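Take a look at the structure set out below.
We did not get these values from a lab; they are worked out from the coordinates using the rules stated. Remember, it's a predicted structure, so these values are computed and weren't measured experimentally. Please note: Cβ atoms are built from the backbone with ideal geometry, for glycine as well, and neighbour counts cover all protein chains shown.
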Amino acid sequence: MNELLNPVDARDPLAESYRQVRGFMEALSAALTPEDQAIQSMPDASPAKWHRAHTTWFFEQFVLIPHMPDYAPYDAAFGFLFNSYYEALGARYPRATRGLVTRPGAAEVSGYRAHVDRAMEDLIASADEPLRDLVVLGLHHEQQHQELLVTDMLHAFAQNPLAWRGDGLAVLPGWTAPRGAPGPTRFVERPESIVSIGHVSDEGGDGFGFDNEFPRHRVLIQPHAIADRLVRNGDWLAFMQDGGYRQAALWMSDGLSVRSAEGWDAPLHWRPDGGGGWLCVSPGGLSPVDPELPVRHVSWYEADAFARWSGARLPTEMELEAAAPSLPEFHGHVWQWSNSAYLAYPGFRAAPGAIGEYNGKFMINQMVLRGSSAVTPPGHARDSYRNFFQPEKRWQMTGLRLARDL
């Protein structure tokens, strides 16, 4: 990948960003076999080679085809196979059965990526500002899929009994979870205030923000106290030992139904060690549950029940964003569930055309998460970022911090 761009183009910051982001995707998949890259362990997940191909399709479909008249698509059928959810662009292969697509193989996907990268090299060199902005969107889109590639493969590997035996099965060999601050949790009081929420152009390194982070607007935040660190595995073990998964009064009705149907009694990827303790499957393999690490792979329903058990609540997304600059462990550990439904900000307008389907169409039946996780790609985290998932989902690196009303 170091030879992707010529020395003149490499002096262009956008060309360099393109090379780095695309190269990082390939580095993430380097340890995966072709068989690994084809697996889909559940409908929510996608095969690794699909992530590699879909992010390439994004550049081909939204950048190259409309803006490079002499561009020759790699394979016209890929538009059907690797479209994710863009209805305006026509029919697409069903998400739940992406694991049945054995062809193209991982090697041909590599060829597809190289074909598109060569064309993008030429286009970036002459792109105007609006087109450069579209390329930046494509890079952040690819970074989203880099995190998904890791968590989707983690889910797949966690189904493999080799992971239970601790034979070194790992998505990211050598990966270790980052440690947080030691000591007890403190609640920091925050007074009533009116604050501005939403993206500011100079917050990130390239000034980028997704459409759902706009427009910036003012909100009233009530007096509250917010925890100075994330909930730990040790805290969660106490919840489990107190019968938290069995206390119906702690759970939302829908959550109780999902918990019962799926048999939840611990976070996802936790396994009994046979001696009364617990093991956890992580991107680095199997290891004992460390009570001092932030808990991860819990659903909103579990997080909400834990907060109620603790005599607290989940913070709103506005409280999290307002406090983010002073909150330890806000980035780089787990995505933090908020108590806010995923809705449009006042004045939100989707972009015209197919690209306008990016986020707005999902603003229903989901909850917002803030911060970033231990597998969020470098340069992809910012305080105004609005991640979102349905409340029962827990295959992402999702955790929580607590808040209290004053």
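Under 18 Å from a label point 7 Å along Cα→Cβ of Phe187: give me every residue in segment 222-244 with its amide N that close. Answer for this model: 222-232, 235-236, 239. Dimensions of segment 187-405 along the principal axes, based on C-alpha atoms and rounded to the nearest Å, stand at 55, 39, 32, largest first. Applying the Kirkwood pairwise sum to the alpha-carbon positions of segment 330-406 produces a hydrodynamic radius of 13.7 angstrom. Given C-alpha coordinates of segment 286-343, what is the ratio Rg to Rh with the Kirkwood estimate of Rh? Rg/Rh: 0.98.
Quick one: of the DSSP bridges fully inside the chain, what percent are antiparallel, nearest 5? Antiparallel bridges: around 90 percent, rounded to the nearest 5. Kirkwood hydrodynamic radius for segment 167-221: how many Å is it when counted over pairs of different Cα atoms? Mean inverse Cα-Cα distance, inverted, gives 16.0 Å. Reducing segment 50-86 and segment 139-153 to their Cα centroids gives an inter-centroid distance of 17 Å.
Building the convex hull from the alpha-carbon atoms of segment 1-112 and averaging its projection over directions returns 7.8 nm². Our helix-only sum for the chain, with -39,500 (n - 2.57) per DSSP H run of n ≥ 4 divided by its residues, gives a mean residue ellipticity at 222 nm of -10000 deg cm²/dmol. Candidates Ala114, Val334, Pro47 compared by Cα position along the dipole of the chain: farthest toward the positive end lies Val334, with charges placed on Cβ.
Along its first, second and third principal axes, ordered by size, the chain spans 65, 52, 38 Å in Cα coordinates.
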